[in-house]
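> Once you've had a glance at the structure underneath, I'll fire off some questions.
The values are calculated or read from the model by the stated rules, or taken from the named source; none is laboratory data. The model shown is predicted, which means the values in this text are computed figures rather than measured ones. Ideal geometry is used to build each Cβ from the backbone, glycine not excepted, and the neighbour counts take in all protein chains shown.
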Amino acid sequence: MNKPVTTQPIEIIKDKRQAILDTALTLFVSQGFHGTSTASIAKQAGVATGTLFHHFPSKEALMECLFLTIKQEFADALLLNIHKGNDLKHNAMQLWQSAIDWSLANPVKQLFFQQYSMSPMITPKVRDQAMNSILGFISELIKQGQMMGLIAHYPVELMLENCHGQYLAATRFFIDNPQLGTNKDYRNASFELFWKAMQS
């Protein structure tokens, strides 16, 4: 008589996967990508190395999953602040301020963005998925602004990269100077710098 196959509950599997992602995030930011081994991630997450590789076939795959997962979380937070009927600049300001709020509420995740976005380890495929699929709504806002004559008529892909660069610069400033994160003058100035760079 065959013994019944015992399997772990889905919740435990999800918990282990999340523990790996959470631990990887902390270690990547504190130790760097090259200074963090899969063995150290597994050990600190409290799972076997084999369990890590069951969920993520390589460290690179783990990094990509972590990046895209956090990027989706970021996009979901921004989408809550898009309101139809408002003028484009007002919508852009709401998105910008909510993006800064998210970075200040999630400084470790934002520092991971800083590291990975500018790293040669990020592949064109992952960058494209992050910028054009997950954050595709920003491309649509740029196109809308161009049609209205509010935003410069440069290639959308280049404009999107410019947005990203402006955001990374602003969030780096506020993370390095947390006492200014709630300063309205600095917050508004950061948006005006961004908006002027986008204007036609």
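> Could you tell me whether any residue of the range 39-57 is surrounded by fewer than 18 Cβ atoms within 10 Å (Cβ to Cβ), small (Gly, Ala, Ser), farther than 26 Å from ASN177 by Cβ and in contact (Cβ under 8 Å) with a residue 12 or more places away in the chain?
yes
> Then there is this: Do we find a residue being in a loop (DSSP other than H, G, I, E, B) and either in contact (Cβ under 8 Å) with a residue 40 or more places away in the chain or within 20 Å of THR171 (Cα to Cα) (or both) anywhere in the range 82-103?
Checked the range 82-103: at least one residue is in a loop (DSSP other than H, G, I, E, B) and either in contact (Cβ under 8 Å) with a residue 40 or more places away in the chain or within 20 Å of THR171 (Cα to Cα) (or both).
One line per residue, one yes/no per condition, for (1) within 30 Å of ASN91 (Cα to Cα); (2) at pLDDT 95 or above; (3) part of a loop (DSSP other than H, G, I, E, B):
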position	(1), (2), (3)
THR26	no, yes, no
HIS34	no, no, yes
SER40	no, yes, no
THR51	no, no, no
HIS54	no, no, no
LEU66	yes, yes, no
LYS71	yes, no, no
ALA75	yes, no, no
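> When only residues in the range 116-174 that are farther than 17 Å from ILE70 by Cα and of a type in the set (Ser, Thr, Tyr) count, which is modelled with the highest pLDDT?
Result: TYR154.
> Those residues that are without any contact (Cβ under 8 Å) to a residue 24 or more places away in the chain and touching a helix residue (DSSP H, G or I) at 6+ places or on another chain (Cβ under 7 Å), I need them from the range 150-187; list them, please.
Matches in the range 150-187: VAL156, LEU180, TYR186.
> Another question, then. Considering only the range 25-61, how many residues are over 20 Å from ARG127 (Cβ atoms) and basic (Lys, Arg)?
1
> For the range 115-125, does any single residue satisfy the condition of being surrounded by fewer than 17 Cβ atoms within 10 Å (Cβ to Cβ), basic (Lys, Arg) and farther than 28 Å from GLN199 by Cα?
Yes.
> Does TYR154 fit the bill of being surrounded by 14 or more Cβ atoms within 10 Å (Cβ to Cβ) and aromatic (Phe, Trp, Tyr)?
no
> From MET159, MET131, grab the single residue that is buried (at least 18 other Cβ atoms within 10 Å of the Cβ) and either under 27 Å from PHE28 (Cβ atoms) or charged (D, E, K, R) (or both).
Matching residue, one of MET159, MET131: MET131.
> Give just the number: which of (1) exposed (fewer than 12 other Cβ atoms within 10 Å of the Cβ); (2) modelled with pLDDT under 85 does ASN81 not satisfy?
(1)
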